[in-house]
Every structure is written in structure tokens, then in C-alpha cells.
Amino acid sequence: MAHGLFIVIEGVDGAGTTTQVAQLAAALRERRLAVRDTREPSAGPVGALLRLFLTGRLVTPGQLGMRAPSWKTMALMFAADRLDHIEAEIAPLLEEGVCVISDRYYHSSVAYQALGANDMPAAISWIRGLNQHARKPDLTIVLDVPAEQAAERRRKRGGTELYDDDALQAELVTFYARLEQHFPGENVVHVSGEGSIEQIASAVLSHVDAFHVDRG
């Protein structure tokens, strides 16, 4: 059986990645394709721990008081969760010919954790090294939105997570706009996230269809 297609949808918080993963999965299911949508952090044990840190329900005690883990610790945890996610869910499904669509992947680790480091180029190299054994996506779709629009969407969503700072998210918008520069050789495409849900979903699906054509 042919291996399934592994698609990743990326973007800043408020870009609409979760919505578009669901939209793409539904569109492919309508074509009677076997599809599984998933996310990172995963539903596994390390992923559950990460979500506690991200939502502030768990902090690290230390001499500086209660705080979130350092960017290095978070990068290590995300890498561990990712490898478990691949072994437990992604790889077996792909081997069965299922199309797997992930809401975020190692691109987010490089973007989010490296921006918290003093030496970003060195951090990018280190984080990529942590994820060197992770399976590369067949196609990565980046949803590009202006920082102000993403911030407004986060405010409407409610709640606050670890990386929701507007200044950090504005830096992430710039980083994601040139994401492919940090992942040479990978198939990375960009879609504007400023339109309606249906318009964006149509653009995302067109890139998936074009990939199938190019793939033969």
C-alpha cells in the first residue's frame, strides 16, 4: 500500500491553523480519502504535560520564583512529544495509507523556542538537531496573517497562554513569512489567512491538489 500524505499547517497563534486543519480534513473526507487530523502538542503524556505549562496550570519552582520552563527545556519537551507522536500515531497511519494533517509540527518549535534565545541562529541549529529524526512533512502550509489581525483573533478567543505576548507574536509573523529559509529542501507554501474561512480553505486545498499533481 502506498504511504499516506503527511501535511502540516503552521502559523502564529490566531492564524487559524486549527480551523483550517479541520476544513482540509473534511474536504478530503468528502473525496472518500482516509484522513486523520492531529495536533501538537499531542494527546500523549508529554503533550498533556506541555499543555499544562502552556496554559499556566503548571510552573517550575526555583530561586527566581515560580515560572515557566526555559526555552531549552520547552524545546526538549516538544521534541520528546513529537517523537512519541510520530511513533504512536503519525508513522503507523502513514504506513496504512492514511493522510495525516497536523496542526503544527517542528517548525513551531524552531519558531517559538528560538525567538526566546539570546543567540537565535545557534538556537535554531540546536532545535533542528533535536528534531533531526522526526519525519519531514510532504507539504507544509503556512497561514500568513498580519500581527494586528492575529492579536485581535486571540483576544476574541479569550484566555492567555505562554506565548500570547503581542510583541513576541509580531516577531513570529516575520519569522513565519520566511519559514522556508530555515527548512531548505522542504516543500513549504504560503496562504493568506486574511480572507473568509471558506476562501482560505479553498486556497489550502488548491495547494494540496497541486502537490498531488506535481507528485504524480
Within the group GLY116, GLY129, which residue is of a type in the set (Gly, Ala, Ser) and either in contact with a Ser or Thr (Cβ under 6 Å, 6 or more places away or on another chain) or closer than 29 Å to LEU94 by Cβ (or both)? GLY129
So for region 61-76 (the condition being surrounded by 20 or more Cβ atoms within 10 Å (Cβ to Cβ) and among the polar types (S, T, N, Q)), does at least one residue qualify? no
Going through (1) part of a loop (DSSP other than H, G, I, E, B); (2) within 20 Å of ALA75 (Cα to Cα); (3) modelled with pLDDT of 95 or more one by one, SER125 fails only at (1)
Is there any pair with a first residue in region 1-26 that is on the phi > 0 side of the Ramachandran plot and modelled with pLDDT of 95 or more and a second that is surrounded by 21 or more Cβ atoms within 10 Å (Cβ to Cβ) and of a type in the set (D, E, K, R) whose Cβ atoms are under 9 Å apart and which are 6 or more apart or on different chains, and what are they? GLY11/ARG104
Any idea which residue in region 168-196 is most open to solvent (accessible area, probe 1.4 Å), counting only those that are assigned to a helix (DSSP H, G or I), touching a residue at least 24 places away in the same chain (Cβ under 8 Å) and within 17 Å of ALA151 (Cα to Cα)? GLU171
List the residue pairs whose Cβ atoms are under 9 Å apart, where the first residue sits in region 48-59 and is in contact (Cβ under 8 Å) with a residue 12 or more places away in the chain, the second is open to solvent by 50 Å² or more (accessible area, probe 1.4 Å) and among the hydrophobic types (A, V, I, L, M, F, W, C), and the two are 6 or more positions apart or on different chains. LEU49/LEU58; PHE53/VAL59; PHE53/LEU162; LEU54/LEU162; THR55/LEU162; GLY56/LEU162
Please go through region 73-92 and give me each residue that is out of contact with any Phe, Trp or Tyr (no Cβ under 9 Å at 6 or more places or on another chain) and farther than 14 Å from LEU50 by Cβ, ordered by number. ILE86, GLU87, ALA88, GLU89, ALA91, PRO92
Given the residues PRO121, PRO146, PRO137, which is the only one that is under 18 Å from the mean Cα position of the chain (by Cα) and farther than 26 Å from LEU49 by Cα? PRO146
Being open to solvent by less than 50 Å² (accessible area, probe 1.4 Å) and part of a loop (DSSP other than H, G, I, E, B) is the filter; apply it to region 128-142 and report the residue that is farthest from ALA177 (Cα to Cα). ALA134
I need every pair where a residue in region 125-142 that is over 14 Å from LEU83 (Cβ atoms) has its Cβ under 6 Å from the Cβ of a residue that is at pLDDT below 95 and surrounded by fewer than 17 Cβ atoms within 10 Å (Cβ to Cβ), sequence separation at least 6 or different chains. LEU139/PHE211
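The values are calculated or read from the model by the stated rules, or taken from the named source; none is laboratory data. Since the structure is predicted, the reported quantities are computational estimates derived from the model, not experimental observations. Because the Cβ atoms are built from the backbone with ideal geometry, glycine has one as well, and the counts that use them run over all protein chains shown. We work out accessible area using only protein heavy atoms, side chains counted, and drop any ligands, DNA or RNA first. Shrake-Rupley method; radii C 1.70, N 1.55, O 1.52, S 1.80 Å.
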